[in-house]
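Structure, as structure tokens:
The values are calculated or read from the model by the stated rules, or taken from the named source; none is laboratory data. Since the model is a prediction, treat every value here as computed from it, not as a measurement. Note that we place each Cβ from the backbone using ideal geometry, even for glycine, and neighbour counts take in every protein chain shown. We work out accessible area using only protein heavy atoms, side chains counted, and drop any ligands, DNA or RNA first. Shrake-Rupley method; radii C 1.70, N 1.55, O 1.52, S 1.80 Å.
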Amino acid sequence: WYHIIRFSDNVDSLAISKDTMSGEDNIYVKLISADGQEFFVDRKIAMAGSGTIRTMLEGQFREANENEIRFPEVAGYILNKVVRYLLYKAQHSQSTSRIPEFTIEPEIALELMIASKYLDC
């Protein structure tokens, strides 16, 4: 599964060119869940929304060189919700009007809380 998620998108299953993943002008970072789902997220949004991702991509880590981060303890449906939250946070961070509620299903709340604490988002 390949997911490219933008502000206005629902989850789309799309392939992405390797050119947008490599070189100095990386537009997207690939986040990989424990079950192998891959999420292509705008690099700036991912770094602004998560302290852990920012540290991995700015430092001298393998993730910075490969522009991909594996989360072996995070299920795909949880990483999907985290990515959606990063986009929600970026979209509404400068809002001066009422911010819509970010819905979290009760059955994933605990797992999501653990992931968000690890990701510092």
So who's got an amide H within less than 5 Å of the one on Ala75, skipping anything under 5 residues away but keeping other chains? H placed 1.01 Å off N, in plane.
Ala34
Quick one: accessible surface of Arg84, probe radius 1.4 Å, all protein chains present, in square angstrom to the nearest 10.
70 Å²
Å² per residue, accessible surface of the stretch 65-121 at 1.4 Å
67 Å²
The long-range amide H neighbours of Arg70, using H built 1.01 Å from N in the peptide plane and a cut-off of under 5 Å, are Ile32
With every protein chain left in place, what is the accessible area of Asp35 in Å² (1.4 Å probe, nearest 10)?
90 Å²
Net charge near Gly49, counting Lys/Arg +1 and Asp/Glu -1 over other residues with Cβ under 12 Å of its Cβ?
+3
